[in-house]
Amino acid sequence: MKLLINHRLFFFFLVLFFVVAGVDLLNLDRFLYKQLCSAVLPWTAVPCADFYDIPIWNVYLLLAVLTALYNVHAEIRTTNKHLASHKK
């Protein structure tokens, strides 16, 4: 349980990774796009595209950037702890 508390941001990104991958692989994004587009069509008068899909490499690139930011955040926290201990 302590591992989960100390690394909650990592586990959040891990869950987010699987959720986004599942949404993309199951084509739920295409379904949601069609529903949203058809709902706003009367107000916008812009025809909906026949096909919509987020490229999977964009999804994984975004999640890789988030993971890198998590690691940078963790290292900054560690460095700040070391600096605080030397300051005492």
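Structure above, values below:
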quantity: Option label - Rg/Rh (Cα atoms, Kirkwood Rh) computed here, alternatives [x] 0.96; [y] 1.24; [z] 0.98; calculated: [y]
quantity: Relative contact order computed over the chain (Cα-Cα under 8 Å; 6+ residues apart), in percent; calculated: 34
quantity: Degrees separating the helix 28-44 axis from the principal Cα axis of the chain, which is the longest one; calculated: 60
quantity: Which of 10, 80, 43, positive extreme of dipole for the chain (C-beta unit charges); calculated: 80
quantity: In degrees, nearest ten, helix 8-25 long axis to first principal axis of the chain (Cα); calculated: 20
quantity: Selected from 36, 14, 69 as most flexible by GNM, with the chain as the system and alpha-carbon contacts under 10 Å; calculated: 36
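We did not get these values from a lab; they are worked out from the coordinates using the rules stated. Just so it is clear, the structure is predicted and the values come from calculations on it, not from any experiment. With ideal geometry, Cβ positions are generated from the backbone for all residues, glycine too; neighbour counts draw on all protein chains shown.
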